[in-house]
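This report refers to the structure that appears directly beneath it.
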Amino acid sequence: MLIDIIWKAFERTGDAMYYLEYTKCKDVYDRIEKNDREEDMDKTG
C-alpha cells in the first residue's frame, strides 16, 4: 500500500513532507473506502 510506504519513509527520516503526503493520501483512501461501503449497502439494501 502506498500510504504504508510513505509512513515508513516518514518514520526513517522524520521529514514533515512525508507526513503531509501521508495525511493527504490517507484522506483520499478513507474517502474511497467510505464510498465503496456506501455503494455496497445500496446494492444489498
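Taken together, the values in this text are just the output of simple stated rules run on the coordinates, not laboratory data. From a predicted model like this one, the values you see are computed outputs, not experimental measurements. Heads up, the Cβs are rebuilt from the backbone with ideal geometry, glycines too, and the neighbour counts pull from every protein chain shown.
If you take the C-alpha gyration tensor of region 2-44, multiply each eigenvalue by 5 and take the square root, what semi-axes do you get, largest first, in whole Å?
Whole-Å semi-axes of the equivalent ellipsoid: 30, 8, 4.
Over the chain, DSSP H runs of length four or greater, each weighted -39,500 (n - 2.57), average out per residue to a 222 nm ellipticity of -31500 deg cm²/dmol. In the chain, taking the dipole from charged Cβ atoms about the Cα centre, the farthest positive-side position among T13, I3, Y29 is held by T13.
The length gained by stretching the chain between E39 and T23 to full extension, at 0.36 nm per residue less their Cα-Cα distance, is 3.3 nm.
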